[in-house]
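The values are calculated or read from the model by the stated rules, or taken from the named source; none is laboratory data. Everything numeric here is computed off the predicted structure, so don't read it as measured data. Quick reminder, even Gly has a Cβ in these numbers, built from the backbone with ideal geometry, and neighbours come from all protein chains shown.
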Amino acid sequence: ATGAPASWVPASSVARLPATGLGMLDGPAAIAARLDAALRTAAPELVGLEETQRLLDAAALTHPALVRAILSSSGPARAELTLIAEVLRRLVAEGVGLRDLPTVLEALARATSGTRDPAVLTERVRAQLSRAITHRFTVVSGGGRHVNALLLDADAEETVRGALRPAGDGIVLALEPDLADALLASVDREAGVHKAPVILTSAELRRHVRRLVEGEHPRLPVLAYQELNADVEVEKVGTIRITE
């Protein structure tokens, strides 16, 4: 439900848990956590064309010019309904909320120049939503804000970069299985021992690293440096390596 390692605990041991720093879910809390996880997993499937149109209709009540510009038949900010829906799905899949939809649409309107690739557009939109992404994924402690960052070492980053291949109208990651397994094993080790970590990497690699790890770590955020506000401290808590 949470993506963290878990174990059943005998009732006789519950009183000793606070001293260990471990958290506990009782029956109702476990059910709530599982329901929350299921809803988060299914959230992108709830953003279809009809849902996107209803979101746009609601946004048009307060931001009519913005919605007209993005849905117009011509112009630099134009985006088809199917394209808007796909970008929104990709944002929701990674925990970027749509509550402030006008800001998302304005970012999308700025991003559409020169491409209709939803993957590229999503990355451009994310870069312009740095304030929301920073708020969503940073930790507040000691009067300051920081991210607990897992960073790829130079070899891992270069390996991922070297495995990018053109495919159709986009770029895909074609990492050899043994290298992918080694990288995922490193992610498993590091993500399991640090509290609220995020993987932090370059904008070029972010979506490909996310695609690689999302199967085993669907709730582990993968962020690009440019998606964080300048006033947030990056605290390196671990390193992801291809080799030991």
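Quick look at the values:
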item	result
Which listed residue, of R145, R116, R165, R110, is in a loop (DSSP other than H, G, I, E, B), at pLDDT below 95 and more than 15 Å from the chain's Cα centre (by Cα)	R116
Matching option when the condition is under 20 Å from E123 (Cα atoms), in contact (Cβ under 8 Å) with a residue 12 or more places away in the chain and crowded, with 20+ Cβ neighbours inside 10 Å, among R206, R219	R206
Qualifying residue in the range 64-80 (condition: loosely packed, with under 11 Cβ neighbours inside 10 Å, modelled with pLDDT of 90 or more, of a type outside the set (V, I, T) and not in a loop (DSSP other than H, G, I, E, B))	yes
Selection from the range 4-56 of residues that are touching a Leu at 6+ places or on another chain (Cβ under 8 Å), β-branched (V, I, T) and either loosely packed, with under 11 Cβ neighbours inside 10 Å or not in a helix (DSSP H, G or I) (or both)	V9, V47
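Rundown of residues vs (1) in a helix (DSSP H, G or I); (2) among the hydrophobic types (A, V, I, L, M, F, W, C), yes/no style:
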site: R126; (1), (2): yes, no
site: I133; (1), (2): yes, yes
site: A149; (1), (2): no, yes
site: A156; (1), (2): yes, yes
site: V160; (1), (2): yes, yes
site: V172; (1), (2): no, yes
site: E190; (1), (2): yes, no
